[in-house]
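Read-outs throughout are calculated quantities, based only on the coordinates presented, and are distinct from any laboratory measurement. On a predicted model such as this, the values are computed, not experimentally measured, just so you know. Don't worry about glycine lacking a Cβ; one is built from the backbone with ideal geometry, like all the others, and counts go over all protein chains shown.
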């Protein structure tokens, strides 16, 4: 009799332990999924904020506006300086229609401001080459215009074209760097979508990955990773299996989910740091060019340059500081810590 009671107690104990382990496993899954969903939400917001920053047009439009040859934001007007340098040559011309010649030059330079400066740069090397060729031909056809006149003209305008060439080089590099950052963000969005897909399919294997891939990350999070629904399903499954504690749980938490979350967080932080470096380098380079321009001659409007510097600094500070994004990254980091802590749950 005692032997039978002992065996019965042993069986009950094993059954209770199995149920307890199953209960603990279910609660751990609920906690892990909730943490992963909170992390995913923060990651989506951080990436969206980064996208918004990188595509922010105010700063980029301003730095490209300096390339407008009809603008005076750099302290001089390129078209006006060319006209001024041409005037003494054209006064010596006898066999050329000076008005028509000036119209051709104006068309050559002025039309560049009508080609969408926010998307392109003025081809300074080409314009300078064409312009010097025109004036060179004028020197040949007009005996009163000497080589010294040509040299003086080239020397007078080359310093202005030199500033534009520097701007072009700097802004082209800026665009290349921003485009590379944008590509990295797109790759990161793909990684985050794969992360969400892994979570969804581990939770509900009746869904098809190919079908889910057609949806945005926001749709995946809102429609297929609803915390209360996951908790409800896992608790229901726990109740169903109370009498069968050894029955394996068909919902699991992906083994590499935490590592993937760490990688996503690290990449977001690296992209944001790189973004700040790109803007800082571009801002410093343009500021140096504007300050150099002050030394080109007495005709340079230094107050205009100072105004341009002040406006540029305001736009740069707004873009670089990105307080909202910094706060989002802080939230992301905290939620990653919460997710990592679920590994220690027994």
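Taking 0.36 nm per residue of separation and subtracting the Cα-Cα distance, what length does fully extending residue 295 through residue 51 add? Display every interim value, and only then the final one.
Values: separation 244, 0.36 × 244 = 87.84 nm, distance 3.85 nm.
Contour length minus Cα-Cα distance gives 84.0 nm.
Normalised by the number of residues in the stretch 123-264, the average gap of Cα pairs under 8 Å and 6 or more apart makes the relative contact order 23 percent. Cα centroids of the stretch 256-275 and the stretch 149-174: 42 Å apart. Taking other Cβ atoms within 10 Å as a rough exposure proxy, 180, 147 sort from fewest to most as 147, 180.
If I take R0 = 41 Å and measure r between the Cβ atoms of residue 100 and residue 169 in this structure, what FRET efficiency does the formula 1/(1 + (r/R0)^6) give, to the nearest 0.05? Write out the running numbers ahead of the final one.
Working: r = 34 Å, r/R0 = 0.82.
Between residue 100 and residue 169 the formula returns 0.75.
Each Cα pair under 8 Å and six or more residues apart adds its sequence gap; the mean of these over the residue count of the stretch 35-344 is a relative contact order of 34 percent.
Provide the FRET efficiency to the nearest 0.05 for the residue 190-residue 228 pair, computing r from the beta carbons and using R0 = 35 Å. Don't skip to the end; give the middle numbers.
Numbers: r = 28 Å, r/R0 = 0.81.
In this case the efficiency is close to 0.80.
Spacing of the modelled spin labels on residue 140 and residue 92, each 7 Å from Cα toward Cβ, amounts to 1.7 nm.
Rounded to the nearest 0.05, what FRET efficiency do residue 213 and residue 326 have when you use their Cβ-Cβ distance and R0 = 35 Å?
On the way: r = 32 Å, r/R0 = 0.91.
In this case the efficiency is close to 0.65.
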